[in-house]
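Chemist: The structure follows.
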Amino acid sequence: MIQLVDAAKAFGDQVILRDASWRVGPGDRVGLVGKNGSGKSTLLRILAGQVPLDSGEVVRKKDCRVGFLPQDGLELRGRTAFEEVRSAFAGLLAMRREQEALAEELARSPDRADLMERYGEIEDEWHRRGGYELDARVGEVLSGLGFTTSDHDRPAEDFSQGWQMRIALARLLIEGNDLILLDEPTNYLDIEARTWLLGFLTRHRGGLVLVAHDRYFLDSVVTRITEIGFTRLGNYPGNYTRYEKQRAAEIADLQKRAAEQEAEIERIQRFISRFRYQASRARQVQSRVRMLEKIERIEAPPQSRPVRLRLPHPPRSGRVLVTLEGAAKAYGGNRVFRGVDLVVERGQRLALIGRNGAGKSTLMRLIAGEEPPDLGVRELGHNVRIAYYGPDRHDLDPDRTVRETMSDAAPMELLPEIRNILGAFLFSGDAVEKKTAVLSGGERSRLALARLFLRPANLLLLDEPTNHLDLESKDALLQALAAYQGTVVFVAHDRHFMDALATRVAAIGGGEAQVYWGNYSDHLEREARLADGNGAGSGSIAKPKRRKRRRRAARPRVGKNRRRRLRRQWREAFEAVEETEAAVESLEARMAAPGFFQDRDASREVTATHRDLQERLPVLYERLEDLDRKVAALR
């Protein structure tokens, strides 16, 4: 469908490609990976025809339609959101306008056979290309990407940059291209929109080349990984997780062979040096000189030191850090919360989840004390020290450099670690001397996040911390938070990150926040079971058969009000048992994973949580049995 032949591209001294050949065929779904600055975006622009090669060529199949979504830089105006997406069908809509003009002309000249024939051709083509479903398809894609019907008629220029990128993505997806090129499309998407896009792309029958910093997304969508780096393009079948294993094995093998080759070269050179001036060994020396000249050196990538981050040790807090009771919040006529009860306890890793606009950031601000509730109370526990990160909470001095910003905030003992911390957040080389006034929005967010690693806090509030980070930086942040001994409340749209970090989720919607044990996948499983009709109520994860039999036997038959009250109490007790059992199983699965106990801090916290849950179960069982007996007594 499209291929590179002997492609070369460089920007000054930076060589992106050298004599590279590569191909994307029909149905290929390729994940393009590489270190920051390796040339991923450049390669996409080359394939899209926006950047020329220095040498070589791009060969494209005849009539191959290519759609490209860049990372940023789009500006939409002059049309509504719906019209902008609908413009993807410009050719079809032009035919429709021609048909309408023909209809008017036929009204004046009904006997024109040529007009009737053309009208029929357009009608057939309109029907064949799904013209009657056109508006429904536009609405479906906009809805999948998070737009409401009230957004359809809003001018595109009224939307933020992120939402304009969603409009552009919707238009591209609906165009029906043979090859789709997407440069970090998940940057501006919440998890619901990412999930919808994931489903769309897996159903796409054409080719796809995707750059994304979302491990779960890559694992779910792509069937091949192409790595760009060291002027070459390397191909690996399978998804990102499989690529990581293959690449690690490949690098280890290359490094081993390079070391063996280097040892052999040194041995030959010692022989040459030792016998160079002995006439009796001249033939042997010359033979080994020629041997050295013919050796093709094995180029192994340099051993990269994994990025390691460590948050400062948190001061000890009380068991309860923050309590919200009956918290209500509204902005004008928009009532976000109507009475939320929430307790944040020491050691929790609480993920706030919910659709865009449900109130995740609002709840974060209420927890932080940045905004007071309109009704209800917020109480702060003993010795709580909060560090709060949000996408718009930069608070940077425009006259200070990146390095100076970090130095100003760092205690003396962490000054030597500043370069390492900045490197983990993609600041290296001359970038650390840039004034914060000239940083992009993403760079400012990364710098604000990096500052959290300088001052001790026991409650981290992180609103979308993974935005603008690459895969390696996300992994470093995840490992640091997993080892952190304080409490974390966070919002993230990266499913792998949420599943690996969260021990509880707060599902936000309808003005409420319901807290459940487990991670995001546990929550989805719970919701799926409820949707299938297998759940006892919100919060249930699974129903062992013995519990089902118990519930049927426990239905009371007399005392309407008492029956209703006992039914509610029984359901709450049953769900508490279910959630606790599921949480125990989830933790036991993590504890059984290879290498779990290598991270002592993280394993200690998980095992402590597991122990607490195990101790809680007998009390919950006793409560459930007591309610069973009370229900039976009503018969």
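The values are calculated or read from the model by the stated rules, or taken from the named source; none is laboratory data. Worth saying up front: this structure is predicted, and the values here are computed from it rather than measured. Counting neighbours? That spans all protein chains shown, and the Cβs are built from the backbone with ideal geometry, glycine included. Protein only, heavy atoms only, side chains kept; ligands, DNA and RNA dropped before computing areas. Shrake-Rupley method; radii C 1.70, N 1.55, O 1.52, S 1.80 Å.
Chemist: Tell me, please, whether a residue that is of a type in the set (A, V, I, L, M, F, W, C) and open to solvent by 50 Å² or more (accessible area, probe 1.4 Å) can be found in the stretch 331-346. If you could, list the steps in order and put the result at the bottom.
Modeler: Of the stretch 331-346, the ones of a type in the set (A, V, I, L, M, F, W, C) are 336-337, 340, 342-344.
Next, from what is left, pick out any that are open to solvent by 50 Å² or more (accessible area, probe 1.4 Å): 343.
Yes, the stretch 331-346 contains at least one residue that is of a type in the set (A, V, I, L, M, F, W, C) and open to solvent by 50 Å² or more (accessible area, probe 1.4 Å).
Chemist: State all residues of the stretch 356-383 that are over 18 Å from Tyr331 (Cα atoms) and in a loop (DSSP other than H, G, I, E, B); if no residue qualifies, say none.
Modeler: Residues satisfying the conditions are Gly381, His382, Asn383.
Chemist: Okay, next question. Of everything in the stretch 509-532 that's assigned to a helix (DSSP H, G or I) and not aliphatic (A, V, I, L, M), which residue is farthest from Lys360 (Cα to Cα)? Quick ask: steps written out before the conclusion?
Modeler: Taking the stretch 509-532 first, the residues assigned to a helix (DSSP H, G or I) are 520-531.
Still in the list and also not aliphatic (A, V, I, L, M): 520-523, 525-527, 529.
Details: Tyr520: 15, Ser521: 18, Asp522: 19, His523: 16, Glu525: 21, Arg526: 20, Glu527: 19, Arg529: 24 Å.
My answer is Arg529.
Chemist: Next question, about the same structure. Output the residue which, of all residues in the stretch 410-452 that are of a type in the set (Lys, Arg) and assigned to a helix (DSSP H, G or I), is surrounded by the most Cβ atoms within 10 Å (Cβ to Cβ).
Modeler: Let us first name the residues in the stretch 410-452 that are of a type in the set (Lys, Arg), namely 419, 434-435, 444, 446, 451.
Then keep just the ones that are assigned to a helix (DSSP H, G or I); that gives 419, 444, 446, 451.
Values: Arg419: 14, Arg444: 19, Arg446: 22, Arg451: 20.
Restricting to residues being of a type in the set (Lys, Arg) and assigned to a helix (DSSP H, G or I), the top hit is Arg446.
Chemist: Mind listing whichever residues of the stretch 386-409 are of a type in the set (A, V, I, L, M, F, W, C) and in a helix (DSSP H, G or I)? Don't jump to the end; show me each part of the working.
Modeler: Going through the stretch 386-409, the residues of a type in the set (A, V, I, L, M, F, W, C) turn out to be 386-387, 396, 402, 406, 409.
If the condition is that a residue be of a type in the set (A, V, I, L, M, F, W, C) and in a helix (DSSP H, G or I), then Val402, Met406, Ala409 are the ones that fit.
Chemist: Right, here's the next one. Using the structure shown, decide if Pro456 is open to solvent by 20 Å² or more (accessible area, probe 1.4 Å) and part of a loop (DSSP other than H, G, I, E, B).
Modeler: Working: open to solvent by 20 Å² or more (accessible area, probe 1.4 Å): yes; part of a loop (DSSP other than H, G, I, E, B): yes.
Taking the combined requirement at face value, the residue satisfies it.
Chemist: Test Leu181 against the criterion of being open to solvent by less than 10 Å² (accessible area, probe 1.4 Å), closer than 17 Å to Arg203 by Cα and part of a helix (DSSP H, G or I), and give yes or no. Lay out the reasoning, then the answer.
Modeler: On the way: open to solvent by less than 10 Å² (accessible area, probe 1.4 Å): yes; closer than 17 Å to Arg203 by Cα: yes; part of a helix (DSSP H, G or I): no.
It is false that Leu181 is open to solvent by less than 10 Å² (accessible area, probe 1.4 Å), closer than 17 Å to Arg203 by Cα and part of a helix (DSSP H, G or I).
Chemist: Next question. Among the residues that make up the stretch 482-491, is at least one of them β-branched (Val, Ile, Thr) and within 22 Å of Phe574 (Cβ to Cβ)?
Modeler: Just the residues of the stretch 482-491 that are β-branched (Val, Ile, Thr), to begin with: 487-489, 491.
Cutting the leftovers down to within 22 Å of Phe574 (Cβ to Cβ) gives us none.
No, there is no match, as no residue in the stretch 482-491 is β-branched (Val, Ile, Thr) and within 22 Å of Phe574 (Cβ to Cβ).
Chemist: Still on this structure, I have one more. Against the definition (within 27 Å of Ser521 (Cα to Cα) and open to solvent by 40 Å² or more (accessible area, probe 1.4 Å)), how does Arg242 come out, yes or no? Outline the logic, then answer.
Modeler: Details: within 27 Å of Ser521 (Cα to Cα): yes; open to solvent by 40 Å² or more (accessible area, probe 1.4 Å): yes.
It is true that Arg242 is within 27 Å of Ser521 (Cα to Cα) and open to solvent by 40 Å² or more (accessible area, probe 1.4 Å).
Chemist: Provide a single number: the residues in the stretch 345-364 that are closer than 21 Å to Leu524 by Cα and of a type in the set (Val, Ile, Thr).
Modeler: 1
Chemist: Based on what the data block shows, is Leu44 modelled with pLDDT of 90 or more, surrounded by 18 or more Cβ atoms within 10 Å (Cβ to Cβ) and part of a helix (DSSP H, G or I)? Don't jump to the end; show me each part of the working.
Modeler: Details: modelled with pLDDT of 90 or more: yes; surrounded by 18 or more Cβ atoms within 10 Å (Cβ to Cβ): yes; part of a helix (DSSP H, G or I): yes.
Here the answer is yes, as Leu44 does meet what is asked.
Chemist: Hey, among the residues in the stretch 229-258 that are among the aliphatic types (A, V, I, L, M) and in contact (Cβ under 8 Å) with a residue 12 or more places away in the chain, which one's farthest from Glu472 (Cα to Cα)? It would help to see each step written out before you state the result.
Modeler: Step one: of the stretch 229-258, the residues among the aliphatic types (A, V, I, L, M) are 233, 248-249, 251-252, 254, 258.
Then keep just the ones that are in contact (Cβ under 8 Å) with a residue 12 or more places away in the chain; that gives 233, 251, 254, 258.
Details: Leu233: 19, Ile251: 17, Leu254: 22, Ala258: 25 Å.
Of everything passing the filter in the stretch 229-258, Ala258 is farthest from Glu472 (Cα to Cα).
Chemist: Please determine, by comparing only the residues of the stretch 470-508 that are in a loop (DSSP other than H, G, I, E, B) and within 19 Å of Leu321 (Cβ to Cβ), which one is nearest to the chain's Cα centre (by Cα).
Modeler: So in the stretch 470-508, the residues in a loop (DSSP other than H, G, I, E, B) come out as 470, 484-486, 492-494, 502-503.
If we keep only those that are within 19 Å of Leu321 (Cβ to Cβ) as well, we get 484-486, 502-503.
Numbers: Tyr484: 21, Gln485: 24, Gly486: 24, Ala502: 15, Thr503: 18 Å.
Going through the qualifying residues, I end up with Ala502.
Chemist: Here is a follow-up. Determine, yes or no, whether Ala113 is open to solvent by 30 Å² or more (accessible area, probe 1.4 Å) and farther than 30 Å from Gly207 by Cβ. Before you say what the answer is, go through the steps one by one.
Modeler: Details: open to solvent by 30 Å² or more (accessible area, probe 1.4 Å): yes; farther than 30 Å from Gly207 by Cβ: yes.
Spelling it out, Ala113 is indeed open to solvent by 30 Å² or more (accessible area, probe 1.4 Å) and farther than 30 Å from Gly207 by Cβ.
Chemist: When Gly199 is evaluated against the numbered criteria (1) open to solvent by less than 20 Å² (accessible area, probe 1.4 Å); (2) more than 29 Å from Thr80 (Cα to Cα), which criterion, by number, is the only one it fails?
Modeler: The number of the failed condition is (2).
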